[in-house]
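Data first, discussion second: the structure below is written as structure tokens.
The values are calculated or read from the model by the stated rules, or taken from the named source; none is laboratory data. The model shown is predicted, which means the values in this text are computed figures rather than measured ones. Quick reminder, even Gly has a Cβ in these numbers, built from the backbone with ideal geometry, and neighbours come from all protein chains shown. Note: areas computed on protein heavy atoms with side chains; ligands, DNA, RNA excluded. Shrake-Rupley method; radii C 1.70, N 1.55, O 1.52, S 1.80 Å.
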Amino acid sequence: NDSAVLESYRKLGMIFGICLMEDLRLVRISKSMCKFLLWDVDSEHKAKECKVTWDDLEEIFPEKASHMKNPETRQYIDYTAVSLPSEVFSAEFFTLETRMKDKDFHPPAEPSKELFDELARTIVMNNHVQEIREQFKQGFRKIITCKLGEVFSPAEIQDLLGGSTDIDIDDWEENTVYTSCSRQHPVIEMFWKILHGLSQEELQQLCEFATGQSTPPVGGFCELRPVFFNLKINSSVQGITAHSCTNQIELPANVDSLSDMKLLISTGLKQQGNQLFNSG
């Protein structure tokens with residue numbers, strides 16, 4: 001029921017607070033939620049920094065935001081009432097009355113950045129989930145009693161709770177140690193060459209395969225615990241093997257080409273239930 005949902009979000013806020021205190025990554029939450037957690041009515045500067053903008057809407061609903069701002073699709077959109085998913089209550093969707101006017105968004109009108117920001121605030125900070133946000137914040141603030149906004153920005157809190165979304169492959173390589181091989185080993189050379197050609201999404205999947213987390217800690221791969229990422233050549237294995245408790249990947253010694261290495265990585269991740277890598 002609804003009261004149980006609200007209580008769950010209060011407890012979830014406490015969990016996030018504990019993770020922040022203990023320097024543990026849990027899951028990346030939206031920047032708009034981080035803004036809500038840091039918003040302080042006593043600080044005019046912080047209130048301005050924590051205002052929801054169109055960028056926040058794009059982070060949460062990228063496809064919807066793209067259509068709503070695209071001049072070629074704006075004319076077909078009803079800006080007075082927006083349908084949004086309702087994932088925590090019984091109904092699957094709900095309709096939000098925005099109090100906006102279609103004529104301000106439909107061509108030939110050229111909506112200003114300020115108008116799009118206002119629309120984003122109306123959508124993101126809607127009353128349908130206000131109680132959820134309040135309960136989450138209440139739980140979070142029960143653990144974190146200091147004024148975090150005086151020390152951190154919303155983006156920094158987002159990174160502290162969930163880590164950065166982007167993986168710096170050079171940072172990854174610089175903070176790697178090698179077992180039973182060296183950086184100059186032909187198989188290791190091929191491994192890094194393949195990684196430099198992967199998308200961010202693919203890198204995150206490999207990072208999760210190897211470390212248990214899709215992104216490195218705040219501060220980069222040098223902050224991994226146990227320290228450093230470990231690559232090992234093991235002549236007794238036939239495929240790629242990960243030991244996430246020690247941040248280690250084992251590679252076979254007999255990889256003959258780059259295409260074989262790409263296939264090796266692809267096969268290993270598919271065995272873990274991951275279909276993102278293209279074995280072609």
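Observations on the model:
- Test: residue in segment 211-219 that is surrounded by fewer than 19 Cβ atoms within 10 Å (Cβ to Cβ), closer than 30 Å to Glu22 by Cα and hydroxyl-bearing (Ser, Thr, Tyr): no
- On the stretch given as segment 179-195, residues that are over 20 Å from Ser259 (Cα atoms) and open to solvent by 60 Å² or more (accessible area, probe 1.4 Å) total 1.
- Residue match in segment 226-249 (condition: on the phi > 0 side of the Ramachandran plot and hydrophobic (A, V, I, L, M, F, W, C)): yes
- Verdict on Ala65 being under 19 Å from the mean Cα position of the chain (by Cα) and farther than 26 Å from Glu208 by Cβ: yes
- Wholly within segment 212-256, strands (runs of 3 or more DSSP E) carrying at least 1 residues that are within 29 Å of Ile157 (Cβ to Cβ) and out of contact with any Gly (no Cβ under 8 Å at 6 or more places or on another chain): 229-233
- Count of segment 91-145 residues which are modelled with pLDDT under 95 and aromatic (Phe, Trp, Tyr): 2
- Identity of the residue in segment 119-163, free of Cβ contacts under 8 Å to residues at least 60 places away in the same chain and surrounded by 17 or more Cβ atoms within 10 Å (Cβ to Cβ), that ends up nearest to Phe105 (Cα to Cα): Thr122
- Considering the conditions (1) closer than 30 Å to Lys232 by Cα; (2) at pLDDT below 95, Glu173 is excluded by exactly one of them, (2).
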